[in-house]
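Laboratory data are not the source of any read-out in this text; all were calculated from the coordinates shown. Just so it is clear, the structure is predicted and the values come from calculations on it, not from any experiment. Here the Cβ is made from the backbone with ideal geometry for all residues, glycine too, and neighbour counts use every protein chain on show.
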Amino acid sequence: MNREAEVYLFGQVLGTHSFLLKDGFLQPDEYAEISEHYFLPGGETGTAATVLDSLGVSVRMDGTWIGTEVAPILKTFYKDKLVDLSPLRLWGDDPGVMDYVVIAGLTRSPMGRFQQLFSGGKRWWSVPREKDIVGCRAAGIDPFFGGESLLAAEICQRNGIPYVTVDCPHDSPLHIHAAVNVISRECLSLHYAGMAEEDVMERMTETSYGLTVLTRGGDDMLYGRKGETVRRMKPFSVEAKSTLGAGDTFKAGCVYALLHQMSDEETVRFAAACAAVAISRFPLPLHPPRLEEVMALLKGEM
């Protein structure tokens, strides 16, 4: 579906095999029954594109090279959606990057070959192009592709396009220039182990004028920016079916809020509501949050 892109996304675009187990998570030497299995678009950027489309936002995305097994599902899935795949490059005869996720309730375990891919010394993702970014009004940039992620941010900064990023430490240029940086528990453990969350927030907000959000699963989120008091917000309470894609959906919600110039409190509430709707169903790509569902949850109607 053709429409001028409002948002540019750069990062991981994968084919995800997801397995929902019937009777609890895998146990050593025990049989596990698969209740549902899907092969659908995934990755941080792929999931964000799916969610933004569902919210009515047109997207252009780039990042991971796509291969012979991944390309067909992407083209079929997005053919009637507001997602422009034209920047994506076909990866020769390679099947493409895939991951495999086993899910049982709130427990999930992702598997893949990313350590091999990143340690191979070869680039398997695109170089951002200014022509793909200029004209968009907001962006989402994942930090995983090193200099290319920085280049996407530089192009955005040069053209006055605000962007959302994730899991960037306080001294990263991506964080310093971001409109929003969403920090997960995994990032806290990796970069700030043993530090109080309030101290992490202080360090993060010292180096950027953007909004920093610490997400902590079912615990209170912390958010704030330079020179302001750190605030807390409880996540929405829903019956969770799968947490796969929750963080990517939160990021997409922040991009939507940025596009619509929401306040910091509105941004965090909207993104949290998007994530809450997302975890209440499976699989997320087939049932992404719709704007009316998110607004209903914000109004307390769900």
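The single residue among H17, H37 that is free of Cβ contacts under 8 Å to residues at least 40 places away in the same chain and either within 28 Å of W124 (Cα to Cα) or crowded, with 24+ Cβ neighbours inside 10 Å (or both) turns out to be H37. Applying the selection to segment 42-76, what residues are in a helix (DSSP H, G or I), more than 20 Å from A246 (Cβ to Cβ) and within 18 Å of the chain's Cα centre (by Cα)? Across segment 42-76, the qualifying residue is only L74.
Out of the residues in segment 253-291 that are in a helix (DSSP H, G or I) and of a type in the set (S, T, Y), which is farthest from H37 (Cα to Cα)?
First, the residues of segment 253-291 that are in a helix (DSSP H, G or I): 253-259, 264-279, 284-286, 291.
Keeping just the survivors that are of a type in the set (S, T, Y) gives 256, 267.
Details: Y256: 30, T267: 33 Å.
Filtering segment 253-291 for residues that are in a helix (DSSP H, G or I) and of a type in the set (S, T, Y), the one farthest from H37 (Cα to Cα) comes out as T267.
Residues that are buried (at least 18 other Cβ atoms within 10 Å of the Cβ) and either outside any loop (DSSP other than H, G, I, E, B) or among the aliphatic types (A, V, I, L, M) (or both) within segment 78-107 comprise Y78, L82, V83, D84, L85, L88, V97, M98, V101, V102, I103, A104, listed in sequence order.
Please find, among L150, L222, the residue that is part of a helix (DSSP H, G or I) and either touching a helix residue (DSSP H, G or I) at 6+ places or on another chain (Cβ under 6 Å) or surrounded by 17 or more Cβ atoms within 10 Å (Cβ to Cβ) (or both). Step through it out loud before you land on a result.
Working: L222 fails: part of a helix (DSSP H, G or I).
Unique residue meeting the criteria: L150.
Restricting segment 1-14 to residues that are aliphatic (A, V, I, L, M) and not in a strand (DSSP E or B) leaves a set whose member that is surrounded by the most Cβ atoms within 10 Å (Cβ to Cβ) is V13.
Across segment 230-262, which residue is farthest from R281 (Cα to Cα) among those that are polar (S, T, N, Q) and touching a helix residue (DSSP H, G or I) at 6+ places or on another chain (Cβ under 6 Å)? Walk me through it before giving the result.
Going residue by residue through segment 230-262, those that are polar (S, T, N, Q) are 237, 242-243, 249, 261.
Among the residues that remain, those that are also touching a helix residue (DSSP H, G or I) at 6+ places or on another chain (Cβ under 6 Å) are: 243, 249.
Values: T243: 9, T249: 13 Å.
Per the criteria, the residue is T249.
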